[in-house]
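Each remark here refers to the structure printed beneath this line.
The values are calculated or read from the model by the stated rules, or taken from the named source; none is laboratory data. Just so it is clear, the model here is predicted, and its values are computed rather than measured. Because the Cβ atoms are built from the backbone with ideal geometry, glycine has one as well, and the counts that use them run over all protein chains shown.
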Amino acid sequence: MQQFRRTVAGLVALALLAGAQAQQVTIEFWHSMGGVLGEATEALVQEFNKSQREVRVKSQYVGSYDDGINKLLAALRAGRGYPHVIQVYDIGARILADSGAVLPLEDLARKEGFDLGRFLAQPRNYYTVDGKLYGLPFNSSNPILYFNMAAFEEAGVAFRPSWSLKDLEEAARKLTKKDAQGRTLRYGLSIPIDSWFVEQISYNSGEYFCNNENGRKARATAVTFDNEAAVAFLDMYARLVREGVAANTGRTWADSQSLFAQGQAAIAAYSTASLTGVLRQVGNRFPLRTAFYPYVGQRNGVAIGGAALYLLKGFPEAETKAAWAFIRFLLEPKTQAKWHLATGYFPVVQGVTELPEVRQAHVRQPNYTTAIQQLLTSKANTASAGCLMGAFPEIRQYVQAAWEETLRGKPAREALREAKSRADQALERYNRSVAQR
Amino acid sequence: MRAGLEALAFLLPAYGLFLLFMILPVGEALWLSLHQEDLFGRGREWAGLANYGEALARPEFWKSVGLTLKFALITAPLELLLGLVAALLVYRPYPGVALFRTLFFLTTAVPTAVAAVAWGWFLHPVGGYANRVLGALGLPPMPWLTSPELALPTLAVITAWAGVGFTAILLTAGLQNIPEEVLEAATVDGAGPWTRFWRITLPLLSPTLFLTGLLVLLKSLTAFGQIHLLTRGGPAESSMVWIYRVYQDAFFNFRVPLAAAEAFLLFLVLLALAGLQFWLLGRRVHYAA
């Protein structure tokens, strides 16, 4: 009898366990956050999993942004194997909306009663395609200037929070140190060869990167990256490289960052998301300050960069609900605060900067406020909404090649015009291919 | 008959894997290259040879073919020469030879990714060791990987360096196969080391040298990892070799069928070179018999 009872008790316990297991919904989450950023992402996932029993998020690092979107496209092509939630870079916004495979976040938010007005304007504008918010602006960044203040003091250059491109050029010259043979000991400026900086100088100067007001009024059909701001920026950089004032460290951000961290470049431009890493690299070598990204003419405002989380269609109702629960968790001010402080990405919903832990951290390390201040003082218009177009990954390659051509001596206008003809072809082909289906 | 069946049973797993991972993907790529579809794989339709026509009509494609040729023409001879020097140093036993053999082979044992990252540091445009050495000698720093003129040759040298161990092993085997008597006879006839090398060793080694050269050429046509990690086809597309163009078209430009056509064209070139190699190998076997 005793034996029997024990068996029954065991069976009941097993059944209960199985029941609990059956109720728990598991969702797949693919992300592209490596290093410091990856640790912070995993921490959030674990916290979410611990905070409740209904949903378990299985996260997977799928390589770089480029790898991530390609894995998604391959899965879509195969018609299976894609995750519930995927992180895709900023410039994938048009592509994901065109895929028809994504559940617009706006539809879900309305259904679940989440007020979209809680989003800050720029992140929301950026991921709004054809009037609808598609992705959750999870990790949002913008470009900022990094200053080596020891070099500034030595050269007698005063700190300012906002810089025109002209003033920046002058400062870079003053900050450059050369030896008797004219070899550069310390560069004034170092910016990695990345199309993103050309895009941002356009937006911040009130110019568009692609037509139809950055593809916000209608689908973009041609690029406009041969605008005055982009031309001025590339010509300036090439000129400074020739003078030995700016460094050419190629396309790899890490190669520029090591230069800056070792004190061999006085000014640099990176993302806000680089802040935690750069601060670590610099250590106590010199005091570091950050400032707004430069502009030509009048400062308009930068667009956001980074990536968004998308929910994919084709899953049972319960799983989509579970995925939404995860998204909802990420939008909590508390979660946003943790994410912001661990990475340097800024919060995308209101009411985060007022939290005590964020305020204290900002007092300790005021550099974390630069990105937020830059965002809040940016004009919210179609220029600062950022360019929305298909074929963006391909087009970025052409912009970078044009930048490299200017370093070879080609005038920026000419290099950008040549790149434009290739980019326009790519865009036209993309538009034709998605319209055909 | 029974033995044949038995042998087949043992070979089947290997054949199965070969079919699954080699033949099928090649077939799939060929199939894909004959179709047209959008980037999400929708609306796939028969395109015949249109993708091949487009690939061959693009000036970018021919630029990539030219760069690949240039890359191979620097890599292959350099790797062969370095491998030959290394093999000559270690093919005869002497105290400590194992240490040198290991050292030479080490470059091949290092994974491409690790080697590429190390070279990246070594050649950093400002703080890299290479440029600091130049600085100490009073020479200006070189933009090893950041100038369109230097990037491809630099990558070729790195590739040759990474392959030295491989060529050294093949050539060591070749050198060890040269009959000792012939060399002795030459010595008796009064030939010095220089004459022996040019008149005896090199001619007798030439079949091995030629085959190794073909292998090295094949490898250099498909070099990808170091290019991906160090220059990504840049600066200004100066290192956009054939295989990197395929990668770019497939995974950045999302034009998978076009990329499949370009990949298949490369496959045909590699196949022709491999065929040449087999043909030569066959001829050599006949000599020996």
Next item on the list: Those residues that are more than 12 Å from every other protein chain (Cβ to nearest Cβ), of a type in the set (A, V, I, L, M), in a helix (DSSP H, G or I) and over 12 Å from A:Phe225 (Cβ atoms), I need them from the stretch A:367-422; list them, please.
Entry: A:Ala371, A:Ile372, A:Leu375, A:Leu376
Notebook entry, point to check: Which residues, taken from the stretch A:75-90, are within 11 Å of chain B (Cβ to nearest Cβ) and touching a Phe, Trp or Tyr at 6+ places or on another chain (Cβ under 9 Å)?
Noted result: A:Ala75, A:Leu76, A:Arg77
Item checked: Residue list for the stretch A:334-354, restricted to those being more than 16 Å from A:Val45 (Cβ to Cβ) and surrounded by fewer than 17 Cβ atoms within 10 Å (Cβ to Cβ) -> A:Gln350, A:Gly351, A:Glu354
Margin query: If I ask for residues that are under 14 Å from A:Pro192 (Cβ atoms), more than 14 Å from chain B (Cβ to nearest Cβ) and over 18 Å from the mean Cα position of the chain (by Cα), which ones from the stretch A:253-295 would you list?
Written below: A:Ile267
Check: Which residue out of A:Tyr146, A:Tyr187 is within 14 Å of another protein chain (Cβ to nearest Cβ) and either at pLDDT 95 or above or not in a loop (DSSP other than H, G, I, E, B) (or both)?
Finding: A:Tyr187
Notebook entry, point to check: So which of B:Leu78, B:Leu12, B:Leu17 is away from chain A (no Cβ under 14 Å), at pLDDT 95 or above and not in a loop (DSSP other than H, G, I, E, B)?
Noted result: B:Leu78
Check: How many residues, within the stretch A:163-184, are at pLDDT below 95, on the phi < 0 side of the Ramachandran plot and part of a loop (DSSP other than H, G, I, E, B)?
Finding: 4
Notebook entry, point to check: Within the bounds of the stretch A:213-232, is there any residue that is closer than 30 Å to A:Ala150 by Cβ, surrounded by fewer than 24 Cβ atoms within 10 Å (Cβ to Cβ), more than 21 Å from the chain's Cα centre (by Cα) and more than 11 Å from chain B (Cβ to nearest Cβ)?
Noted result: yes
Check: Which residues, counting only those in the stretch A:24-76, are buried (at least 18 other Cβ atoms within 10 Å of the Cβ) and either at positive phi or of a type in the set (Lys, Arg) (or both)?
Finding: A:Lys71
Next item on the list: Please tell me if A:Ala415 is surrounded by fewer than 14 Cβ atoms within 10 Å (Cβ to Cβ) and either of a type in the set (A, V, I, L, M, F, W, C) or touching a residue at least 60 places away in the same chain (Cβ under 8 Å) (or both).
Entry: no
Check: Does B:Ser238 count as small (Gly, Ala, Ser) and within 30 Å of B:Leu171 (Cβ to Cβ)?
Finding: no
Next item on the list: Report those helices (runs of 4 or more DSSP H) wholly inside the stretch B:178-289 carrying at least 3 residues which are within 14 Å of another protein chain (Cβ to nearest Cβ), closer than 29 Å to A:Leu72 by Cα and modelled with pLDDT of 90 or more.
Entry: B:225-230, B:242-251, B:256-288
Margin query: When you check B:Pro148 against the structure, is it more than 25 Å from the chain's Cα centre (by Cα), at the interface with chain A (Cβ under 8 Å from one of its Cβ atoms) and not β-branched (Val, Ile, Thr), yes or no?
Written below: no
Next item on the list: Determine, yes or no, whether A:Gly250 is touching a helix residue (DSSP H, G or I) at 6+ places or on another chain (Cβ under 9 Å), outside any helix (DSSP H, G or I) and within 14 Å of chain B (Cβ to nearest Cβ).
Entry: yes
